[in-house]
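Right, one structure below, let's go through it.
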Amino acid sequence: MMDKPILVIRGAGFVFKFLLRALRRSLAFRLKLLRHSLSSSSSSTSEPKKPRNIVIIGASMAGYTAARTIAQYLLPDSEFRVVVVEPRDHFHFTWVLPRFCVVGDHEHKAFIPYGGYLPKGALEADGGKVAWVKDRVARLERDSVVLEASGQEIPYEFLIVATGAGATDTLPSRVPANEKTEGVKLLKEMQKRIRESQDLVVVGGGAAGVELATDAKSQYREKRVVLVHSRDALMHRFGPRLQAAALDGVEALGIELIMGDRVVSEDKEKGIAVLKSGKEITCDYLVNCTGQRPDSKLIAQLSPKSISASGHILTKPTLQIQDDSFPNIYTCGDVSETNTANPNSRSAMRQATIAAFNVLSGTEGKKPDEKYFSHWLDGGIKLTLGLDKSVANVGDGKTEFLFPSKEKDIALMSKEAWHKLGAKPFEENGAEFLSKIQAKI
């Protein structure tokens, strides 16, 4: 009977400790800035030193947060600078992708211009603390990264790998395109395929599969939608109350549900999907929403023993990789093995902040002392169950809260995400960002 009040108290305690830690960091840095300004005014000027690089691979939520944090807390005349390597020209807001694979006229909102989340002036050619390279890393060396397109080699003193993970690396979980124009085109093509289909088969009963299936059936009530899930419960990684809510939402819309079975092949000529049980389903469009695949190949090449059986990068609590021969390499986000039950943007941001402060300690010659431990609050989720319904869920594996609600915004939280990342909804200034980083280079 007291389980829920105790859970609330525990959650409030975690939030309080988190905020107190952030306040302490901020005050400590302000004192450091004050001491630095006093010592700088009384000392003679010296020749500027060659920058020492903190390279961050990937600028999704984890990498972008790490870059912001380090740039914010580096001293003004620090010899260190952040170098972000990211092939995409916009931040991809992946949470809305299942919705925008179904609903038209909003797809551009999934692509948020880069730059606004960084500290003011971070990208300026004169004195900015961040260099941004629009490219992909082809391979890692012990003290440098080699770029794919240009072949350029960038030395690093510290490295943060934030390459993420994706479900099949394609829509509706990820946009397989580096340019916004191509991403918008792919979303529109998928909208068309779903709109024109009569027998839509969605594979995977996790968040992406449930959301796309319920959105499609909600948008096109006459359409036959079949959801195939290999487990015995939808949203099987979560608690029973969310599983029940997902099931109720799917059944209320009239979606055909097949659980405990999986699609093994698709015959497009015959228009069928074949299940492991031998059952055949009429299908004129199949959408795959299965599995998380961490993008850990760069570390796998450099340090094979740092890769877990699931393909994630094994980490210490400090978020250094487990290989002691690379104490200057950190990792954060979905690519990391951190025992986080349901990784999302909150856990990615918390990991990125810890990795960033440990790197900052390293720039001062100190050992890393910040540690990441997963917390059940990180695993909270908001699951849409059609165009106008959603349910929020949070729990510790034993006790859970469920908060059903009505959705009024067809674009979900796109506007809030743009604000969060320092961009004005929904004004496009990607060209301005690209001109800044080219000038910086």
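The values are calculated or read from the model by the stated rules, or taken from the named source; none is laboratory data. Computed from a predicted structure; not experimentally measured. Virtual Cβ from ideal backbone geometry, glycine too; neighbours counted across all protein chains shown.
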- Working only within the range 414-441, note down all residues that are closer than 28 Å to residue 246 by Cα, of a type outside the set (Lys, Arg) and surrounded by fewer than 16 Cβ atoms within 10 Å (Cβ to Cβ). 416
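A quick yes/no check of all residues on (1) outside any strand (DSSP E or B); (2) farther than 30 Å from residue 340 by Cα; (3) touching a strand residue (DSSP E or B) at 6+ places or on another chain (Cβ under 7 Å):
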site: 112; (1), (2), (3): no, no, yes
site: 116; (1), (2), (3): yes, no, no
site: 120; (1), (2), (3): yes, yes, no
site: 123; (1), (2), (3): yes, yes, yes
site: 128; (1), (2), (3): yes, yes, no
site: 154; (1), (2), (3): no, yes, yes
site: 169; (1), (2), (3): yes, no, yes
site: 183; (1), (2), (3): yes, no, yes
- Query: Considering only residues of the range 194-249 that are free of Cβ contacts under 8 Å to residues at least 40 places away in the same chain and among the hydrophobic types (A, V, I, L, M, F, W, C), which is farthest from residue 266 (Cα to Cα)?
  - Reply: 244
- Yes or no: residue 30 part of a helix (DSSP H, G or I), more than 19 Å from residue 159 (Cα to Cα), of a type in the set (D, E, K, R) and not assigned by TED's automatic domain parsing to the domain that holds residue 134? yes
- Go through the residues of the range 213-229 one by one and say whether even a single one is outside the structural domain of residue 434 (by TED's automatic domain parsing), within 27 Å of residue 351 (Cβ to Cβ) and part of a helix (DSSP H, G or I). no
- Item | Only one of 205, 209, 239 that is touching a strand residue (DSSP E or B) at 6+ places or on another chain (Cβ under 6 Å), more than 28 Å from residue 107 (Cβ to Cβ) and surrounded by 18 or more Cβ atoms within 10 Å (Cβ to Cβ) | 239
- Note on the structure: The condition of being under 30 Å from residue 50 (Cβ atoms) and either under 23 Å from the mean Cα position of the chain (by Cα) or modelled with pLDDT of 95 or more (or both) holds, among 199, 143, 215, 232, only for 143
- Among (1) in the same structural domain as residue 343 (by TED's automatic domain parsing); (2) under 19 Å from the mean Cα position of the chain (by Cα); (3) hydrophobic (A, V, I, L, M, F, W, C); (4) in a loop (DSSP other than H, G, I, E, B), where does residue 95 come up short? (4)
- Could you look through the range 321-341, keep only residues that are of a type outside the set (Val, Ile, Thr) and assigned to a strand (DSSP E or B), and pick out the one that is nearest to the chain's Cα centre (by Cα)? 336
- Item | Long-range neighbours under 6 Å by Cβ, at least six apart or interchain, first residue free of Cβ contacts under 8 Å to residues at least 12 places away in the same chain within the range 303-323, second buried (at least 19 other Cβ atoms within 10 Å of the Cβ) and part of a loop (DSSP other than H, G, I, E, B) | 307/296
- Query: If residue 344 satisfies every condition in (1) over 21 Å from the mean Cα position of the chain (by Cα); (2) surrounded by fewer than 21 Cβ atoms within 10 Å (Cβ to Cβ) but one, which is the exception?
  - Reply: (1)
- Which members of the range 262-276 meet the condition of being surrounded by 14 or more Cβ atoms within 10 Å (Cβ to Cβ) and more than 29 Å from the chain's Cα centre (by Cα)? 266, 271, 272, 273, 274, 275
- Query: Across the range 180-202, which residue is surrounded by the most Cβ atoms within 10 Å (Cβ to Cβ) among those that are farther than 16 Å from residue 286 by Cβ and touching a helix residue (DSSP H, G or I) at 6+ places or on another chain (Cβ under 7 Å)?
  - Reply: 187
- Query: (1) in contact with a helix residue (DSSP H, G or I) (Cβ under 7 Å, 6 or more places away or on another chain); (2) in the same structural domain as residue 324 (by TED's automatic domain parsing): which one isn't true of residue 151, the others all being true?
  - Reply: (1)
- Task: Mind listing just one residue for me: the one in the range 403-441 that is among the polar types (S, T, N, Q) and at pLDDT 95 or above and, of those, farthest from residue 94 (Cα to Cα)?
- Result: 405
- Any chance residue 342 is modelled with pLDDT under 95 and polar (S, T, N, Q): yes
